[in-house]
Amino acid sequence: MAGWTERMISVAGTNLFYTRGGSGPPLVLLHRDIGPEPTLAFYDRLAEHFDVIFPHHPGFNRSERPAWLRSVRDVAVMYQMLLVELRVNARALLGLGFGGWIAAEMASMAPRDVTHMALVAPMGIKPPEGFIYDQALVGYPDYIKAGLHDEAVYARQWGAEPAVELLEQWDINREMCFRIAWKPYMYSQTLPHLLENVRVPTILYWGDDDRIVPRSTASVWIEAMRHARLEILPSCGHLAEIERGDSLAEQVISFLQD
């Protein structure tokens, strides 16, 4: 990630790691439940247009795990505190899957601080049809493969047999998900009601072959927010920034600059 800086900052007594790159309007990028990919062309493309702030969620990868953390909304509060420390006021939010849930919680807390919100197949709301894929039932490689339309992408991105260190990190991240999003699994019973006041332009992107979060969930998001719309990504699974990174980046940039 050439040109990106790495920082550690204390928030709520916890050391949070984040990277920051690019210039322009602030964009907070929130990663998936599998953890952040260390490098992606998708990130670099965004940084050509925005000041991208990319934290590692508490308990994930290079951020410290706070023993007291028990909910996704706690994470959202910590990120609000982070942005106060960084003196970032008006900002756009881009949440990927699990990160989309955190972004929505942040927007529900401080809607006036958000200019735009882009959510890529967000978790956080119970699907009216089907279920959010339960990663506790399979090995982590199989969970990630289920998030792809084309399983050949898995080997290209992580190798046919990922390094042991990566497999261990995926497992640590999964345990952290269970700690803060287990009962109920990967959704909030309150979030749909709290989104009513989020009136900023919002777009949802959903792969047409998403086997992790059913596309039926989009209808609940659209109903909950007054200015939300849906875009379907063809030949794409749940991990859109990996499978369709180029096209997704262009769509996000266009939306955020509108």
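The values are calculated or read from the model by the stated rules, or taken from the named source; none is laboratory data. Keep in mind the model is a prediction, meaning the values are calculated, not measured. Here the Cβ is made from the backbone with ideal geometry for all residues, glycine too, and neighbour counts use every protein chain on show.
Could you list all residues from the stretch 6-35 that are free of Cβ contacts under 8 Å to residues at least 60 places away in the same chain and either buried (at least 22 other Cβ atoms within 10 Å of the Cβ) or of a type in the set (A, V, I, L, M) (or both)?
We begin by selecting, within the stretch 6-35, every residue free of Cβ contacts under 8 Å to residues at least 60 places away in the same chain; these are 6-8, 10, 13, 15, 17, 19-24.
Of everything in the stretch 6-35, just one residue is free of Cβ contacts under 8 Å to residues at least 60 places away in the same chain and either buried (at least 22 other Cβ atoms within 10 Å of the Cβ) or of a type in the set (A, V, I, L, M) (or both), namely Met8.
Taking the stretch 87-194 as the region of interest, the helices (runs of 4 or more DSSP H) fully inside it that hold 1 or more residues being modelled with pLDDT under 95 are 140-146. Looking only at the stretch 51-71, filter to residues that are of a type in the set (A, V, I, L, M) and under 17 Å from the mean Cα position of the chain (by Cα); which one of those is surrounded by the most Cβ atoms within 10 Å (Cβ to Cβ)? Here the answer is Val52. Against the test of being surrounded by fewer than 12 Cβ atoms within 10 Å (Cβ to Cβ) and of a type in the set (Gly, Ala, Ser), the options Gly147, Gly139, Gly159 yield a single qualifying residue, Gly159.
For the stretch 113-128, what are the residues that are of a type outside the set (Gly, Ala, Ser) and either surrounded by 24 or more Cβ atoms within 10 Å (Cβ to Cβ) or over 22 Å from Trp182 (Cβ atoms) (or both)? Let's see the steps before the verdict.
Within the stretch 113-128, the first condition is being of a type outside the set (Gly, Ala, Ser), and the residues that meet it are 113-117, 119-120, 122-123, 125-128.
Listed by number, the residues that qualify are Asp113, Val114, Thr115, His116, Met117, Leu119, Val120, Pro122, Met123, Ile125.
Kindly indicate which of Asp33, Asp74 is within 26 Å of Tyr185 (Cβ to Cβ), touching a helix residue (DSSP H, G or I) at 6+ places or on another chain (Cβ under 6 Å) and at pLDDT 95 or above. It is Asp33.
Any idea which residue in the stretch 88-102 is surrounded by the most Cβ atoms within 10 Å (Cβ to Cβ), counting only those that are over 14 Å from the mean Cα position of the chain (by Cα) and of a type in the set (A, V, I, L, M)?
Going residue by residue through the stretch 88-102, those that are over 14 Å from the mean Cα position of the chain (by Cα) are 88-91.
Still in the running and of a type in the set (A, V, I, L, M): 88, 90.
On the way: Val88: 15, Ala90: 11.
Taking the candidates together, the pick is Val88.
Within the option set Met186, Met109, Met123, Met117, being touching a Pro at 6+ places or on another chain (Cβ under 9 Å), of a type outside the set (S, T, N, Q) and closer than 26 Å to Leu83 by Cβ holds for one residue only, Met117.
Residues in the stretch 238-258 that are under 15 Å from the mean Cα position of the chain (by Cα) and not charged (D, E, K, R): 8 in all.
Out of Glu85, Glu105, one residue alone is buried (at least 22 other Cβ atoms within 10 Å of the Cβ), of a type in the set (Asp, Glu) and on the phi < 0 side of the Ramachandran plot. It is Glu105.
Can you name the residue in the stretch 179-200 that is farther than 12 Å from Ile125 by Cα and under 19 Å from the mean Cα position of the chain (by Cα) and, of all such residues, is surrounded by the fewest Cβ atoms within 10 Å (Cβ to Cβ)? Outline the logic, then answer.
At the first step, the residues of the stretch 179-200 found to be farther than 12 Å from Ile125 by Cα are 179-180, 182-183, 196-200.
Those still in the list that are under 19 Å from the mean Cα position of the chain (by Cα) too: 179-180, 182, 198, 200.
Details: Arg179: 14, Ile180: 17, Trp182: 11, Val198: 21, Val200: 18.
My answer is Trp182.
Could you pull out the residue among Ser216, Ser254 that is small (Gly, Ala, Ser) and either without any contact (Cβ under 8 Å) to a residue 40 or more places away in the chain or buried (at least 18 other Cβ atoms within 10 Å of the Cβ) (or both)? Testing whether each residue is small (Gly, Ala, Ser) and either without any contact (Cβ under 8 Å) to a residue 40 or more places away in the chain or buried (at least 18 other Cβ atoms within 10 Å of the Cβ) (or both) leaves just Ser254.
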